[in-house]
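**Q** Dumping the structure here so I can ask a few things about it.
The values are calculated or read from the model by the stated rules, or taken from the named source; none is laboratory data. Predicted model only: the values in this text are computed from it and were never measured. As a convention, Cβ positions derive from the backbone with ideal geometry for all residues, glycine included, and neighbour counts pool all protein chains shown. With ligands, DNA and RNA removed, areas are computed over all heavy atoms of the protein, side chains included. Shrake-Rupley method; radii C 1.70, N 1.55, O 1.52, S 1.80 Å.
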Amino acid sequence: MKEINIAIVDDQNLFRQSLALLVNFTENFKLVAECASGQAFIDTLKVFSLDIDVAIIDMDMPGMNGIELNKYLHMHYPNIKVIILTVHANEMLITQMINAGAASYLVKNCDKGELLLTINHVYKSGFYFNADVIQALRNSSNHRPAMQDTLNGLPISLTKREQQVLKLICKELNNAEIAAELFLSVRTVEGHRNSLINKVKCRNIAGLVLFAIKYHLLEATL
């Protein structure tokens, strides 16, 4: 199994160093960067050619905060999946960060098991939304103005096959697993996934799941 390359960005030295120890002593995890600020992380990325799969980022940091860093990474390093790890459990912030492309959102009082689970899920599936995140997104969607329906009765017209692929994406299946489930080629599944991303105008797989939650398309699967 490929090692998951992880970066940690947090200005609290003891917390960051403790998290680094956890990563270093977890099988198949590899710590490749440890920074005390968003700008330090960007400088590190510019100087070194780092293969980073997952970045664990704090929200409150001096200079460039987690909100700004997340935005920068999605613009310049879209392959890095961002997990926000913060003291803030505010639903508005949760929704804001997921809307901005974060792959997951955890509060710092989570236990070790949930953090490790989240890292693995984000690496495998591109997202991980726990019950608190899903509830925040659903509460947010309840206050959205209604969109005009299309011919399919959905806010964006999806083919039957696209709906099937979206449902399996939300179940955290990867392209190969979806292909096996639907008896399709992996390339065909990739085509449907890219079509969904283009239609929904989202940044990543997490954005597709966000879309499904907002418009109550997959209530039974999440």
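**Q** Under 7 Å by Cβ, and 6 or more places apart or on different chains, what pairs join a residue from the stretch 157-176 that is open to solvent by 50 Å² or more (accessible area, probe 1.4 Å) with one that is of a type in the set (S, T, N, Q) and not in a loop (DSSP other than H, G, I, E, B)?
**A** Lys167/Thr221; Lys171/Thr221; Asn174/Ser125
**Q** Looking at Asp58, Asp51, which is the one that is charged (D, E, K, R), closer than 25 Å to Lys30 by Cα and in contact with a helix residue (DSSP H, G or I) (Cβ under 7 Å, 6 or more places away or on another chain)? If you could, list the steps in order and put the result at the bottom.
**A** Numbers: Asp51 fails: in contact with a helix residue (DSSP H, G or I) (Cβ under 7 Å, 6 or more places away or on another chain).
Step by step, each of Asp58, Asp51 is checked, and only Asp58 is charged (D, E, K, R), closer than 25 Å to Lys30 by Cα and in contact with a helix residue (DSSP H, G or I) (Cβ under 7 Å, 6 or more places away or on another chain).
**Q** If I ask for residues that are open to solvent by 80 Å² or more (accessible area, probe 1.4 Å) and either in contact (Cβ under 8 Å) with a residue 12 or more places away in the chain or of a type outside the set (A, V, I, L, M, F, W, C) (or both), which ones from the stretch 75-89 would you list?
**A** First, pick out the residues of the stretch 75-89 that are open to solvent by 80 Å² or more (accessible area, probe 1.4 Å): 75-76, 78-79, 87.
Those that are open to solvent by 80 Å² or more (accessible area, probe 1.4 Å) and either in contact (Cβ under 8 Å) with a residue 12 or more places away in the chain or of a type outside the set (A, V, I, L, M, F, W, C) (or both): His76, Pro78, Asn79, Val87.
**Q** Sticking with this structure for a sec: In this structure, does Leu21 turn out to be open to solvent by 10 Å² or more (accessible area, probe 1.4 Å), at pLDDT 95 or above and farther than 25 Å from Ser125 by Cβ?
**A** On the way: open to solvent by 10 Å² or more (accessible area, probe 1.4 Å): yes; at pLDDT 95 or above: yes; farther than 25 Å from Ser125 by Cβ: yes.
Criteria met by Leu21.
**Q** Filter the stretch 1-28 down to residues that are part of a strand (DSSP E or B) and β-branched (Val, Ile, Thr), then give me how many there are. Quick ask: steps written out before the conclusion?
**A** Taking the stretch 1-28 as the starting set, the residues that turn out to be part of a strand (DSSP E or B) are 4-9.
Of the ones still in play, those that are also β-branched (Val, Ile, Thr) are 4, 6, 8-9.
Of the residues in the stretch 1-28, 4 are part of a strand (DSSP E or B) and β-branched (Val, Ile, Thr).
**Q** Still on this structure, please answer the following. Assess whether Leu208 counts as being part of a helix (DSSP H, G or I), at pLDDT 85 or above, of a type outside the set (Lys, Arg) and within 26 Å of Met92 (Cβ to Cβ). Spell out how you get there, then give the answer.
**A** On the way: part of a helix (DSSP H, G or I): yes; at pLDDT 85 or above: yes; of a type outside the set (Lys, Arg): yes; within 26 Å of Met92 (Cβ to Cβ): yes.
It is true that Leu208 is part of a helix (DSSP H, G or I), at pLDDT 85 or above, of a type outside the set (Lys, Arg) and within 26 Å of Met92 (Cβ to Cβ).
**Q** Right, here's the next one. Yes or no: the stretch 129-136 includes at least one residue that is at pLDDT below 85, within 17 Å of the chain's Cα centre (by Cα) and surrounded by fewer than 19 Cβ atoms within 10 Å (Cβ to Cβ).
**A** No, that holds for no residue.
**Q** Which residue is surrounded by the most Cβ atoms within 10 Å (Cβ to Cβ), if the candidates are limited to the stretch 90-103 and must be out of contact with any Leu (no Cβ under 9 Å at 6 or more places or on another chain) and closer than 17 Å to Leu69 by Cβ?
**A** Keep residues of the stretch 90-103 that are out of contact with any Leu (no Cβ under 9 Å at 6 or more places or on another chain), which gives 90, 92-93, 96-97, 100, 102-103.
Those left that are additionally closer than 17 Å to Leu69 by Cβ: 93, 96-97, 100, 102-103.
Details: Leu93: 17, Gln96: 17, Met97: 25, Ala100: 15, Ala102: 28, Ala103: 30.
Selected residue: Ala103.
**Q** Oh, and also: Mind telling me which of the residues Met64, Met59 ends up being in contact with a Leu (Cβ under 9 Å, 6 or more places away or on another chain) and either crowded, with 17+ Cβ neighbours inside 10 Å or aromatic (Phe, Trp, Tyr) (or both)?
**A** Numbers: Met64 fails: in contact with a Leu (Cβ under 9 Å, 6 or more places away or on another chain).
From the options Met64, Met59, the qualifying one is Met59.
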